[in-house]
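To start, the structure under review is shown below, and the notes come after it.
The values are calculated or read from the model by the stated rules, or taken from the named source; none is laboratory data. Predicted model only: the values in this text are computed from it and were never measured. Virtual Cβ from ideal backbone geometry, glycine too; neighbours counted across all protein chains shown. To get the accessible areas, we keep the full protein, side chains included, count just its heavy atoms, and leave off ligands, DNA and RNA. Shrake-Rupley method; radii C 1.70, N 1.55, O 1.52, S 1.80 Å.
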Amino acid sequence: MKQKEQRKDDILFVGVDLGTSRSSISASNGTKKWNESYVGWPKDFIAAKVVGKSILFGSEALQNRLSLDLYRPLERGVIKEGIERNEEAVKELIGYLIQLAGPKEDQKIYAIVGVPADAMKVNQIAIKKAVSGFVDSVMVVSAPFAAAYGLNLLGNSLIIDIGAGTVDFCMMHGTIPDNDDQKAILTAGDYIDEQLFSYLIEKYPNSRFNRNMVRQFKETHSFVGDSSETIKVEIPVEGKPLNHDITNEMRRACESILPAIIETTSEMIAKFDPEFQIKIKNNIILSGGGSKIRGIDNYIKDALKEFGDCDVRCVEDPLFVVSDGAMLLAKDIPEKYWAEM
């Protein structure tokens, strides 16, 4: 018992959800923090004087973006290639998250990082390299698997993690999922932003707005299906703030990602062991920021009627479900595996 207690005191287990739009960290000391996945450096000495810092993160970086060289270094959960300082930005972001977790001095840190399924294949080494400077040992797992672990949905379930860069699917059947159990598609939250931006330009060509404003509209008002609510937002026209009705445009943009999600969900169900398909159909879980779109669970449930009765539900805390699951997984992995890594 004393050895176990000693191990818990000496090691801080952390789970990191490294997301295109938002990143979060959960630690075994009870700390849970998140930040938007933006990193910015002052453009010049005037900018440095204005912002008062050598580097800014998250919403603070966005608020001061006119003074900064601003980076959103993760694209579809993968470190963007060909852009100077992207790898440095990811490293700084991870270091900042680790700092927020509040490790004790000389405390070992064992970390598990959740990323989109496709990122596992293409830049697992780059992500490990970015994290390794701040931790003693690190593993990379898919985000939906981490979510499933945290929710204790390890058998006969389908996790659909709707992020900004990708929508990730993971079938759980009582073992660690392999590549055939996972899939990622690219029509996700950023795609909604682009569609909504395009629709609003077409409808209101004289109004002035940017992609960050459109993203905020989406995060506040997103919905699919029928709604009696009229969505109005304030957008300047020739410098004067005016109300704009964006109800139809919001619905069209949010629903634009659903055909691919429903098609992929159908494919995943169809290839599951036929004896257990009824179980997986009644255990479809939506996570990620996209699970907060109003009505999305019922919309997908209705679209899957041809497969018979289905149960589709959203997680309660999409912001931390991946980092929480990754942290719990880190705690449960036997010490010998961490030592090997």
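Overview of results
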quantity: Among 236-245, 23-32, the order from most to least packed when residues are scored by Cβ within 10 Å on average; calculated: 23-32, 236-245
quantity: Lys/Arg +1, Asp/Glu -1 at C-beta; the chain dipole; positive extreme among Gly58, Ala270, Ile46; calculated: Ile46
quantity: Global form of the range 53-143, assessed from the alpha-carbon gyration tensor, a/c cut-off 1.5; calculated: oblate
quantity: Estimated inter-spin distance, Arg85 and Leu154, nm [label 7 Å along Cα→Cβ]; calculated: 4.4 nm
quantity: Under the Karplus curve 6.51 cos²θ - 1.76 cosθ + 1.60, θ = phi - 60°, whole-Hz ³J(HN,Hα) for the range 61-75, x wherever Gly or Pro sits; calculated: 5, 5, 5, 10, 4, 5, 9, 10, 8, 9, 10, 10, x, 9, 10
quantity: Amide H contacts under 5 Å for Ser137, placed H, 5+ residues apart; calculated: Ile109, Ala111
quantity: Largest-first ordering by accessible area, 1.4 Å probe, given options Asp69, Asp181, Asp106; calculated: Asp106, Asp69, Asp181
quantity: Cα shape, the chain, gyration tensor, a/c 1.5 rule; calculated: oblate
quantity: Distance (nanometres) between label positions extended 7 Å along Cα→Cβ at Lys128 and Ser54; calculated: 3.0 nm
quantity: Residue with peak Gaussian network fluctuation, the chain [Cα springs, cutoff 10 Å], from Asp309, Asp44, Asp190; calculated: Asp44
quantity: Gained length - Ile333 relative to Leu62, 0.36 nm times residue gap less alpha-carbon distance; calculated: 93.8 nm
quantity: Reachable lysines from Lys281, criterion Cα separation under 19 angstrom, eight or more residues apart if same chain; calculated: Lys183, Lys271, Lys301, Lys305
quantity: Built amide H within the under 5 Å cut-off of Gly19, gap 5+; calculated: Ser24
quantity: Using θ = phi - 60° and Karplus 6.51 cos²θ - 1.76 cosθ + 1.60, couplings along the range 167-180 (whole Hz; Gly, Pro as x); calculated: 10, 10, 10, 9, 8, 10, 9, x, 9, 5, x, 9, 4, 5
quantity: Coil-residue chymotrypsin sites (Phe, Trp or Tyr not before Pro) of the range 188-233, DSSP, other Cβ within 10 Å capped at 12; calculated: none
quantity: Contour minus Cα-Cα distance for Leu186 and Arg252 (0.36 nm per residue); calculated: 22.0 nm
quantity: Amide H contacts of Gly288 (H built 1.01 Å from N, under 5 Å, at least 5 apart or other chain); calculated: Ile162
quantity: Label-reachable residues, the range 305-341, where backbone N falls under 12 Å from a point 7 Å from Lys279's Cα toward its Cβ; calculated: none
quantity: Using θ = phi - 60° and Karplus 6.51 cos²θ - 1.76 cosθ + 1.60, couplings along the range 24-32 (whole Hz; Gly, Pro as x); calculated: 9, 9, 10, 10, 5, 8, x, 6, 9
quantity: Given Lys33/Lys104; Lys104/Lys336; Lys240/Lys292; Lys53/Lys91; Lys49/Lys80; Lys80/Lys108, the pairs whose alpha carbons are separated by over 21 Å; calculated: Lys104/Lys336; Lys240/Lys292; Lys49/Lys80; Lys80/Lys108
quantity: Inter-part distance where the range 207-280 and the range 124-153 are each reduced to a Cα centre, Å; calculated: 29 Å
quantity: Heavy-atom accessible surface of the range 189-255: percent carbon and sulfur, 1.4 Å; calculated: 42 percent
